[in-house]
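Engineer: Have a look at the structure that comes next, please.
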Amino acid sequence: MNVAQLIFGLLLVVLSAGFYFASRSRRSNAATLNEAKTLSLLQAAEGRFYGKFQGTIVADQPLTTPYSVRPAVAWSAHLDKGTEERDDDNGSSTHWETVWSQSAKTPFRLKGAGELWFDERGGMPSLDAPSTFDQYIHDAANPIIAPYVSTRGGLLARLNRPNFHAVETSFAPGGQALFVGPVEAVNGFWVARAGQGKEYCVLTWKTELQVRRRMNGVSILWQLLSLAAFAAGILSILVSFS
């Protein structure tokens, strides 16, 4: 019996189970989205509801994003530094390390069939914001990377081009957004709540159709990976006994 091959087969079977549950989670979220009712928040604020709400982003005091320098109600950004590493085959690969990461948000609201607030009263849901900056930077004089570029090493350091990747996502005032999740009345206002337990809860720039298509596509991909890993695992286990 080939013990190494047996262990490899068992690991593939376990991996297939992970893919299966990931696929199942996506299907569950898609089903929740399909069943969620479109909320109309024009009535007096009272109670707690779960549903979907589409609207325009409004903010009284917007923030400014760090890279694109745009107004935003919520942003997230990070800077990765790439270092080239040689391998045993005389090849090379780039190792990426995050050297700076930050996010920020300010109270804002969605105005549609009523008004829905997003602030500390409800807890922020998962944010799926559009990309507003995605750039590879190799110029040492660029102020974005200046604090992280080595100034030591003489001529060799100056000849070695820096390799950085700056990424930013943000929600801007005036943009359209879709919220799916629980809302609750707080002091006469409708406030978005973070999901409880397994409640699907997200604020996204995508349309409902785009969200549903992505969920279904990812679910099918995880399912196919689960079947492939399971079949390969079983085959490896059988071969280990031959």
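Coordinate-derived values only; no laboratory data. Since the structure is predicted, the reported quantities are computational estimates derived from the model, not experimental observations. Positions of Cβ are generated from backbone atoms using ideal geometry, with glycine treated the same way; all protein chains shown enter the neighbour counts.
Engineer: Gly112's amide H: which non-local residues (gap 5+, or another chain) put their own amide H closer than 5 Å, with H modeled 1.01 Å from N in plane and none for Pro or chain starts?
Structural biologist: Close amide H contacts, sequence-distant or interchain: Thr56.
Engineer: Convert 37 °C to kelvin, take the viscosity as 0.692 mPa s, use the Kirkwood radius over C-alpha pairs of segment 93-242 as Rh, and evaluate the Stokes-Einstein diffusion coefficient in µm²/s, rounded to a whole number.
Structural biologist: Values: Rh = 20.3 Å.
Result for D is 162 µm²/s.
Engineer: Have a look at segment 191-235 and give its Rg and Dmax from the Cα atoms, expressed in angstrom.
Structural biologist: That works out to 15.8, 53 Å for Rg and Dmax.
Engineer: Under the Karplus relation 6.51 cos²θ - 1.76 cosθ + 1.60, θ = phi - 60°, what is the ordered set of whole-Hz ³J(HN,Hα) values for segment 186-191, x standing for Gly and Pro?
Structural biologist: 9, 6, x, 10, 7, 10
Engineer: What residue among Asn163, Asn29, Asn216 has the largest mean-square fluctuation in a Gaussian network model of the chain, using Cα springs under 10 Å?
Structural biologist: Top of the fluctuation ranking is Asn163.
Engineer: Considering amide H positions built from the backbone, and no H for Pro or chain starts, which residues 5 or more places from Thr132, or on another chain, come under 5 Å of its amide H?
Structural biologist: Glu168, Thr169, Ser170
Engineer: Okay, next question. Taking θ as phi - 60°, what are the ³J(HN,Hα) couplings along segment 225-242 by the Karplus curve (6.51, -1.76, 1.60), each to the nearest whole Hz, with x for Gly and Pro?
Structural biologist: So the Karplus estimates, Gly and Pro as x, are 5, 4, 5, 5, 5, 5, 5, 5, x, 4, 4, 5, 5, 5, 5, 5, 8, 7 Hz.
Engineer: Test of understanding: extend the Cα→C-beta vector of Lys111 to 7 Å, then name every residue of segment 159-182 with backbone N under 11 Å from that spot.
Structural biologist: Only 174 fall inside the zone, counting backbone N under 11 Å.
Engineer: Enumerate the amide H contacts of Val186 below 5 Å, restricted to partners 5 or more residues apart or on another chain; note that Pro and chain-start residues carry no placed amide H.
Structural biologist: Distant-sequence amide H within range of Val186: Val191.
Engineer: Contact order normalised by length for the chain, with contacts defined as Cα pairs under 8 Å and 6 or more residues apart; what percent is it?
Structural biologist: Rounded, it is 34 percent for the chain.
Engineer: Okay, moving on. For the chain, what does the helix formula give at 222 nm: sum of -39500 (n - 2.57) over DSSP H segments with n ≥ 4, over the residue count, nearest 500 deg cm²/dmol?
Structural biologist: Roughly -10500 deg cm²/dmol at 222 nm, from the helical runs in the chain.
Engineer: Fewest Cβ neighbours within 10 Å first, please rank Tyr50, Tyr148 accordingly.
Structural biologist: Starting with the residue having the fewest Cβ neighbours, the order is Tyr148, Tyr50.
Engineer: Need one number: convex hull volume per residue for segment 1-146, Cα atoms only, in Å³.
Structural biologist: Details: hull volume 29.0 nm³, N = 146.
Output value, Cα hull per residue: 199 Å³.
Engineer: Tally Lys/Arg at +1 and Asp/Glu at -1 over every other residue whose Cβ is under 15 Å from the Cβ of Ser76; what's the total? Don't jump to the answer; show the numbers that get you there.
Structural biologist: Values: positive: Arg70, Lys105; negative: Asp80, Asp128, Asp134, Glu168.
So the surrounding residues net to -2.
Engineer: What net charge do the residues around Arg212 carry, taking every other residue with its C-beta under 14 Å from that of Arg212, with Lys and Arg at +1 and Asp and Glu at -1? Walk me through the intermediate numbers first.
Structural biologist: On the way: positive: Arg26, Arg27, Lys52, Lys206, Arg213, Arg214; negative: Glu35, Asp128, Glu208.
Summing Lys and Arg as +1 and Asp and Glu as -1 gives +3.
Engineer: Mind checking which aspartates and glutamates have their Cα closer than 12 Å to the Cα of Lys198? Skip sequence neighbours fewer than 8 apart in that chain.
Structural biologist: Partners found: none.
Engineer: Across the chain, where is the longest run that never hits GluC sites (Glu not before Pro) in a DSSP loop with at most 11 other C-beta atoms within 10 Å?
Structural biologist: Here the longest run is 121-242.
Engineer: Now a separate question. Which residue, Ser101, Ser28, Ser150, has the most motion in a Gaussian network model of the chain that connects Cα atoms within less than 10 Å?
Structural biologist: Ser150
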